[in-house]
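A.B. asks: Please see the structure below; I have some questions.
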Amino acid sequence: MASDKKQPRPKAVTPKGFQDYFGADVTERAAMLAKIAAVYHRYGFDALETSAVETVEALGKFLPDVDRPNEGVFAWQEDADWLALRYDLTAPLARVAAQYRNDLPSPYRRYAMGPVWRNEKPGPGRFRQFYQCDADTVGAASVAADAEICAMLADCLEEVGIARGDYVIRVNNRKVLNGVLEVAGLSGDDKDAERGIVLRAIDKLDRLGVAGVRALLGEGRKDESGDFTKGAGLSQAQADVVIGFMEAKRDTGAATVARLAELVAGSPIGVAGVAELDEIAGLLSAQGYGPDRIVIDPSVVRGLGYYTGPVFEAELTFEVTDEKGRLRNFGSVAGGGRYDDLVKRFTGQEVPATGVSIGVDRLLAALRATGRITSASAGPVIVTVMDRAHMADYQTMVAELRKAGIRSEVYLGNPKNFGNQLKYADKRASPVAIIAGGDEFAKGVVQIKDLILGAQIAKNATLEEWKDRPSQYEVSRDQMVAKVRAILDGQG
């Protein structure tokens, strides 16, 4: 009888387009989100958590990557229904606003934070799962709600440590773009496909430049890998109108609004959009948010198809070095806009809404790039084990440290090799190790080793400044917590 074929071991690999988060990544993200949540809360927004799974019908089809499987979402069939992981936090909000519309206040102001999933082609810095941090107002038709979102976004960036001058929030209006498209002869339901390609092309201006966008407005574009993206098929004259819109930004907001008014002359929806931009600029100026923080910029489009009015994007303007060693602007970390038709899909009635989404991973990377936070963080104080018979004493030590608010742990590996315990402490980035064996317990003392100072002494053993600085102290048992606290304070 043949023996069963041995099953191969599974490969321990992270799925393509996904990533794992460890220690400092998780705690730094939580700390940053807490600061953002405090700003949202200060503006009067309430927290909301929704399911990670929605029906495909509820999510709708708004993702730009329509050439991907399931049009860019991770979806599966369950009985007669199709379900999908949420691709953003806005579509679930639309469902909630419709489902609980009789119970929620109107306007309803909420913020939400959590992971979203997109079935997109992965690449450097582009993942299929990432965190978003949103705030939205549902039920307010006034563009004062849009202006408030922009002001709040500026406050959030400064709260987490992005200095004024290192960011700019750019504001545009999809009604203005629709007016430009109407002037270019791209209005009407039969032009939906072309308009979608135009929107996505304009949204890639920063990455592709004017020449790349013009190619996408025409027959199409082949990228560096050889992949061809079909274009909108516009004529040269039509493309000129769209490019003119993208280059309409002037030195002042008033001049930009005036130029946009010229471009959309004869289009009612375009004229309405220009008036809204003018009102937003006035509201922000009245609150003290000048062009050093928020500007009118026609190049901002936003790729998602559900925006109906003002759109905005936060860009970090400082330079960083990319993976090829080239200097480039850090780029966008947040965006949003008005989406008055999204809730209407459920209710049949127009429900005005506007909101913003912050790319959490991008913003964290920006804070690290500016030195506001570092990926290195102090580990726990390690209480080493010299004698297993004294395990209860070691646990008492660590309990005292924890009660004093000091992060600490007892070494729970094999204690036979003391060197391995110090290697463990080094791998944990521990600032202090506590050492006590039979002799120390008999004398009522402990040894406290400053691991940070010890590493510096070892690295710079020849320097005079280290000669008289001990890295290990013997203190009485009742002074242990106070001495550890003093060492930690001295390490900064």
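A.B. asks: Checking A38 against (1) in a loop (DSSP other than H, G, I, E, B); (2) farther than 27 Å from R126 by Cα, which test does it fail?
C.D. replies: (1)
A.B. asks: Among (1) in contact (Cβ under 8 Å) with a residue 40 or more places away in the chain; (2) open to solvent by 30 Å² or more (accessible area, probe 1.4 Å), there is one condition E158 misses while meeting the rest; what is its number?
C.D. replies: Checking E158 against (1) in contact (Cβ under 8 Å) with a residue 40 or more places away in the chain; (2) open to solvent by 30 Å² or more (accessible area, probe 1.4 Å), the one that fails is (1).
A.B. asks: Cβ-Cβ under 9 Å, sequence separation 6+ or interchain: first residue in the stretch 281-298 and acidic (D, E), partner open to solvent by 80 Å² or more (accessible area, probe 1.4 Å) and in a loop (DSSP other than H, G, I, E, B). Which pairs?
C.D. replies: D292/R164; D297/K249
A.B. asks: Still on this structure: Out of (1) surrounded by fewer than 21 Cβ atoms within 10 Å (Cβ to Cβ); (2) touching a Pro at 6+ places or on another chain (Cβ under 8 Å), the odd one out for V381 is which?
C.D. replies: Here V381 meets the rest and fails (1).
A.B. asks: Another question, then. Out of the stretch 237-278, which residues are open to solvent by 50 Å² or more (accessible area, probe 1.4 Å), modelled with pLDDT of 90 or more and touching an Asp or Glu at 6+ places or on another chain (Cβ under 8 Å)?
C.D. replies: Hit for the stretch 237-278 is I269, nothing else.
A.B. asks: A further question on this structure: Can you say whether D223 is farther than 29 Å from T90 by Cα, open to solvent by less than 70 Å² (accessible area, probe 1.4 Å) and at pLDDT below 85, as far as the supplied structure shows?
C.D. replies: Here the answer is yes, as D223 does meet what is asked.
A.B. asks: Which fully enclosed strands (runs of 3 or more DSSP E) of the stretch 327-432 have 1 or more residues being touching a strand residue (DSSP E or B) at 6+ places or on another chain (Cβ under 6 Å) and more than 30 Å from E276 (Cα to Cα)?
C.D. replies: Result: 327-338, 381-383, 408-410.
A.B. asks: Restricting to the stretch 384-403, what's the tally of residues that are surrounded by 12 or more Cβ atoms within 10 Å (Cβ to Cβ) and either touching a residue at least 24 places away in the same chain (Cβ under 8 Å) or over 42 Å from the mean Cα position of the chain (by Cα) (or both)?
C.D. replies: 11
Quick grid of which residues meet (1) free of Cβ contacts under 8 Å to residues at least 60 places away in the same chain; (2) within 20 Å of V360 (Cα to Cα):
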residue	(1), (2)
E78	yes, no
L83	yes, no
T90	no, yes
P105	yes, no
V116	yes, yes
I149	no, yes
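A.B. asks: Kindly establish whether T14 is part of a loop (DSSP other than H, G, I, E, B), open to solvent by less than 90 Å² (accessible area, probe 1.4 Å), closer than 29 Å to A147 by Cα and modelled with pLDDT of 90 or more.
C.D. replies: No; evaluated as a whole, the condition is false for this residue.
A.B. asks: Sticking with this one: Which ones in the stretch 314-371 are open to solvent by 60 Å² or more (accessible area, probe 1.4 Å), among the acidic types (D, E) and either under 19 Å from the mean Cα position of the chain (by Cα) or more than 15 Å from A98 (Cα to Cα) (or both)?
C.D. replies: Passing the criteria: E319, E323.
A.B. asks: Going through L234, L177, L205, L199 one at a time, which residue ends up being more than 20 Å from G335 (Cβ to Cβ) and open to solvent by less than 40 Å² (accessible area, probe 1.4 Å)?
C.D. replies: Step by step, each of L234, L177, L205, L199 is checked, and only L234 is more than 20 Å from G335 (Cβ to Cβ) and open to solvent by less than 40 Å² (accessible area, probe 1.4 Å).
A.B. asks: Residues to consider are A135, A215; find the one that is crowded, with 23+ Cβ neighbours inside 10 Å, small (G, A, S) and touching a strand residue (DSSP E or B) at 6+ places or on another chain (Cβ under 6 Å).
C.D. replies: A135
A.B. asks: Something else: Test R170 against the criterion of being within 18 Å of G273 (Cα to Cα), among the charged types (D, E, K, R), open to solvent by less than 60 Å² (accessible area, probe 1.4 Å) and without any contact (Cβ under 8 Å) to a residue 60 or more places away in the chain, and give yes or no.
C.D. replies: Considered against the rule, which asks whether it is within 18 Å of G273 (Cα to Cα), among the charged types (D, E, K, R), open to solvent by less than 60 Å² (accessible area, probe 1.4 Å) and without any contact (Cβ under 8 Å) to a residue 60 or more places away in the chain, R170 comes out as no.
A.B. asks: Turning to a different aspect of this structure: Can you report the number of residues in the stretch 358-370 which are at pLDDT below 95 and in contact with a Leu (Cβ under 9 Å, 6 or more places away or on another chain)?
C.D. replies: 6
A.B. asks: A further question on this structure: Can you find a residue that is of a type in the set (S, T, Y) and out of contact with any Pro (no Cβ under 8 Å at 6 or more places or on another chain) anywhere in the stretch 248-271?
C.D. replies: Checked against the condition, which is being of a type in the set (S, T, Y) and out of contact with any Pro (no Cβ under 8 Å at 6 or more places or on another chain), the stretch 248-271 yields at least one hit.
A.B. asks: Any residue in the stretch 422-436 that is touching a residue at least 40 places away in the same chain (Cβ under 8 Å) sitting within a Cβ distance under 6 Å of a residue that is basic (K, R) and crowded, with 19+ Cβ neighbours inside 10 Å? List the pairs, counting only those 6 or more apart or interchain.
C.D. replies: Hits for this filter: A433/K449.
A.B. asks: Filter the stretch 404-419 for residues that are hydrophobic (A, V, I, L, M, F, W, C) and surrounded by fewer than 16 Cβ atoms within 10 Å (Cβ to Cβ); which is modelled with the lowest pLDDT?
C.D. replies: Of everything passing the filter in the stretch 404-419, F418 is modelled with the lowest pLDDT.
A.B. asks: Report every pair of residues separated by at least 6 positions or lying on different chains whose Cβ atoms are under 7 Å apart, first residue within the stretch 36-64 and at pLDDT below 90, second open to solvent by 40 Å² or more (accessible area, probe 1.4 Å).
C.D. replies: The qualifying pairs are V56/W82; A58/R95; G60/R345; K61/E71; F62/G305; L63/E71; P64/R200.
The values are calculated or read from the model by the stated rules, or taken from the named source; none is laboratory data. Keep in mind it's a predicted model, so treat the numbers as computed, not measured. With ideal geometry, Cβ positions are generated from the backbone for all residues, glycine too; neighbour counts draw on all protein chains shown. Areas reflect the complete protein model, heavy atoms only, side chains present, ligands, DNA and RNA absent. Shrake-Rupley method; radii C 1.70, N 1.55, O 1.52, S 1.80 Å.
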